[in-house]
Amino acid sequence: MSHLKRKEIFILFLCLIIGFALRFYRFDQKSLWLDEVHTYNDSRDGVGDQIKFYKENPTFLHPPLFLF
């Protein structure tokens, strides 16, 4: 195996290790994608409940049917 090929494999392996470490570092902390979970939970209510919510809260930040 050529020296260049071994160097490329080493760099790839190093990137994988760094990526793995960054992914699981502070894994128990708040996720960057936690807002997606909240969006999913809010969208399960259905259109009727969304319309009712916006009638009760007309100044809510997000527009109607934003979650669908």
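Throughout, read-outs are computed from the coordinates displayed, never taken from laboratory work. As the structure is a computational prediction, the values presented were derived from the model and not from experiment. For neighbour counting, all protein chains shown are included, and Cβ atoms are generated from backbone atoms with ideal geometry for every residue, glycine included.
Numerical summary
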| item | result |
| --- | --- |
| Förster radius 35 Å - calculated FRET efficiency between F53 and Y25, Cβ distance, rounded to 0.05 | 0.40 |
| Simple spin-label estimate for F10 and L34 in nanometres, 7 Å along Cα-Cβ | 4.1 nm |
